[in-house]
Amino acid sequence: MQRVASAMPVAFMLWVFAFGAIVGSFLNVVIARVPAGQSIVSPRSRCIACGKAIAWYDNIPVVSWLLLRARCRNCGVRISPRYVLVEVATGILAVALVQHAGLTWGTVGYFAFTATLVALAYIDLETWLLPHQITWPLLAVGLVSPLWNRDVRWIDSAIGAAAGFAAFAAIALFGEKILKRETMGWGDVWLIAAIGAWLGWPALLPVTLLSAVQGAIAGTIVLASRGKDRASPPEAAAPPADGEWVPPKHAVPYGPFLSLSALEFLFFGDRLVTSWNHLMFRLVS
């Protein structure tokens, strides 16, 4: 995405942040309900502990969480910081997009893309799921995004979706058929296809490399912080007796790193590609 915007009035950017935070509040509903197979439109938001409906004045993004000191007004149960983190992150992303590219239809489309990535990242962190109810529409909309986004050509979007799906599907099938274990979740396969559709095929290699490196670093940190039980048998993503897949003890979900890397490419793609080409030139020269 090319940077074309100039400085904008602070009052306008505060409005953009507020709008993004409101979308983030809706994303919290998506994060909580979609994995559970619940409707995202009804019933009204309720406390997960006491079940009481949340009044509108207790549902103001960021502000209500702070005024209530992160506790339910009715039962006093602590409210997860995830709610305010999602609202703040979505608000900041909205501001960053408008500052980066101006207020255009392309920016509006990219905001929908980034907001969806935020929801998917948090769902994957909490449940190890990337629901098809979100990844499939994200892919479909990405394939038609050149209608309003001049940064990506139709052919680049189509090749990006097809190549991303084919590459990650090959890894998933290799694990299933040859190694007899899960090496790549199918949610990740559909997510990289959607990323390829939105950002075009040139984004696939940088996004894959960035997500792999950042995921490996995070996994190493998790392993070091938790410590490894040397007495336990080798870990594997094998299903238990009831057939439900259980993640390895020290593993981290891959979806958040795909989402993060896609956002990094969205904002810094030109610099990343230039740096990569410079590195390859230095290595072969």
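The values are calculated or read from the model by the stated rules, or taken from the named source; none is laboratory data. It should be emphasised that the depicted structure is a prediction, and the values quoted were computed from it without experimental measurement. Using ideal geometry, Cβ is built from the backbone for each residue, glycine included, and neighbour counts are taken over all protein chains shown.
Entry remark, the stretch 45-79: residues being modelled with pLDDT under 90, on the phi < 0 side of the Ramachandran plot and of a type in the set (Gly, Ala, Ser) number 4 in total. Selection of first residues in the stretch 12-27 that are among the polar types (S, T, N, Q) and of second residues that are part of a helix (DSSP H, G or I) and buried (at least 17 other Cβ atoms within 10 Å of the Cβ), restricted to Cβ pairs under 6 Å at least 6 apart or on distinct chains, gives the following pairs, ordered by first then second residue: Ser25/Glu87.
Is it fair to say Ala161 is modelled with pLDDT of 95 or more, of a type in the set (Gly, Ala, Ser), over 30 Å from Trp65 (Cβ atoms) and surrounded by fewer than 20 Cβ atoms within 10 Å (Cβ to Cβ)? Write out each step before concluding.
Values: modelled with pLDDT of 95 or more: yes; of a type in the set (Gly, Ala, Ser): yes; over 30 Å from Trp65 (Cβ atoms): yes; surrounded by fewer than 20 Cβ atoms within 10 Å (Cβ to Cβ): no.
So Ala161 fails the test.
Where residues in the stretch 2-20 are more than 24 Å from the chain's Cα centre (by Cα) and in a loop (DSSP other than H, G, I, E, B), which of them is modelled with the lowest pLDDT?
Let us first name the residues in the stretch 2-20 that are more than 24 Å from the chain's Cα centre (by Cα), namely 4-12.
Right, trim to in a loop (DSSP other than H, G, I, E, B) and you get 4-9.
On the way: Val4: 55, Ala5: 50, Ser6: 55, Ala7: 64, Met8: 75, Pro9: 86.
Here the residue is Ala5.
Counting only residues that are among the aliphatic types (A, V, I, L, M) and touching a Ser or Thr at 6+ places or on another chain (Cβ under 8 Å), the stretch 194-208 holds 3 of them.
Is it the case, given these coordinates, that Val144 is assigned to a helix (DSSP H, G or I), without any contact (Cβ under 8 Å) to a residue 40 or more places away in the chain and loosely packed, with under 15 Cβ neighbours inside 10 Å?
Working: assigned to a helix (DSSP H, G or I): yes; without any contact (Cβ under 8 Å) to a residue 40 or more places away in the chain: yes; loosely packed, with under 15 Cβ neighbours inside 10 Å: yes.
Considered against the rule, which asks whether it is assigned to a helix (DSSP H, G or I), without any contact (Cβ under 8 Å) to a residue 40 or more places away in the chain and loosely packed, with under 15 Cβ neighbours inside 10 Å, Val144 comes out as yes.
Taking every residue in the stretch 55-79 that is over 15 Å from Ala18 (Cβ atoms) and among the small types (Gly, Ala, Ser) and pairing it with any residue that is at pLDDT 90 or above and part of a loop (DSSP other than H, G, I, E, B), at least 6 positions away or on another chain, the pairs with Cβ-Cβ distances below 7 Å are Ala70/Pro81. If only residues of the stretch 90-114 that are over 15 Å from the mean Cα position of the chain (by Cα) and among the aliphatic types (A, V, I, L, M) are counted, the one that is nearest to Trp148 (Cα to Cα) is Val108.
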